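Colleague: There's a structure below that I have some questions on.
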């Protein structure tokens, strides 16, 4: 929608000079051709174009400019003008005035409709924020990203839905597609999201959450509307994901290997029709390794078709082999789907991606020339006498040392003695040579 507003603004900006160009062109033609020029139509075009691009004041100004050009032409060609003037002159003046008045009224009506449309869009924005809340970038051990597109012209919400809820024990989410379109579908989507947000904090399992949504839709829907959906639950450590498929397209697991669909073989009944099933829906549990992603989507993605009728190849999409950043992946995939379709969307579409960040790299090994964590360094003066002891304070291998507040002399009748590392035998301590400067105690020579 932001792109459509930008296009309309650019068109309006380009059209605004046209009324004045038309009026100026008419005046130039009258000066060049004289009485042979009959530019009534061109003069009437000015107010008409102004009413389409600007408001009432600009339209009236364009009409007055057209009328002034015509009167100036009449006075210039006929210095003595009899009143009330010839019939053709009066008709021309009346035609310009009538076109200006009609275009002014049309401009007023257009401005009123634009204000109403702007208010409706603001209401739609509020509705979208209530129904489809912004997905958090992080939830528990996960990173998330989402995208939504409505098939209705000028609408921001539709029958597709998604939500992510963080509880003290799990991260739970849902993505779904409500049957039908328009306000009934929007009402059903609101019911599904409202019940899920409450049940996600209260119920112990995904099956119980689905049961509450079934019961709510059965009570509220008079037309038997339902919603296909996938409910998911991620363990606190992020290592396991439970999936409950309610008649929805299967999620896609992304990782080092080729993308694969998480398909249990059979899917349960859609939400709202659970009472018709012979048994409970099948719960699937899969491992979720670091560096893997799970892509949830609606049929607006998997069933998107190009002009020749071919379905969008989701699992073979180049966007899925791009960088692992969730926001970047979602942006590239949505752009690829839009370019593949090549026309206005036929159905709502939604994407929801959860990613488990890769494990941090292991700590670098201790360098051979680095002292142990509790090694002591002795500063020796030029005479070979120890003056200050330094103790390592940083991580092994960082070579960070600190000196105590007071210098600690090293007393030994045989000269500077080697200070040993705790837990290290004296034979493993270093040998000191007078005048050698700073040495590391306990480090290999």
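Colleague: Taking 0.36 nm per residue of sequence separation and subtracting the Cα-Cα distance, how much length would be gained by fully extending the chain between residue 240 and residue 219, in nm to one decimal?
Modeller: Residue separation times 0.36 nm, minus the Cα-Cα distance, leaves 4.2 nm.
Colleague: Once fully extended, how much extra length lies between residue 169 and residue 299, figured as 0.36 nm per residue of separation less the alpha-carbon to alpha-carbon distance?
Modeller: Gain in length upon complete extension: 43.7 nm.
Colleague: Stokes-Einstein D for the stretch 246-360 at 25 °C, 0.890 mPa s, Kirkwood Rh over Cα pairs, in µm²/s?
Modeller: 157
Colleague: With a 10 Å radius around each residue's Cβ, average the other Cβ atoms per peptide and rank 258-271, 169-182, highest first.
Modeller: Top of the packing list down: 169-182, 258-271.
Colleague: Between residue 121 and residue 315, what is the spin-label point distance in nm, taking each point 7 Å from the Cα along the Cα→C-beta axis?
Modeller: Label at residue 121, label at residue 315, 4.1 nm between them.
Colleague: Provide the gained length on full extension for the span residue 363 to residue 276, in nm with one decimal, where the gain is 0.36 nm per separating residue minus the Cα-Cα distance.
Modeller: Roughly 25.7 nm would be gained on extension.
Colleague: Taking the stretch 133-355 as the region of interest, what is the percent of Cα-Cα pairs per 5 angstrom bin, listed from the shortest bin to the one with the maximum distance?
Modeller: Calculated over all Cα pairs of the stretch 133-355, the distribution is 1, 7, 16, 19, 21, 17, 12, 6, 1, 0 percent.
Colleague: Can I ask one more? Taking other Cβ within 10 Å of each residue's Cβ, how do 20, 147 sort, fewest first? Intermediate values should be presented prior to the final figure.
Modeller: On the way: 20 16, 147 20.
Ascending number of Cβ neighbours within 10 Å: 20, 147.
Colleague: Kindly state, to the nearest 0.05, the FRET efficiency for residue 71 paired with residue 331, given R0 = 56 Å and r defined as their beta-carbon distance.
Modeller: 0.45
Values in this text are rule-based calculations from the coordinates and carry no lab data. This is a predicted model, so every value here is computed, not measured. So basically every Cβ, Gly included, is an ideal-geometry build from the backbone, and we count neighbours across all protein chains shown.
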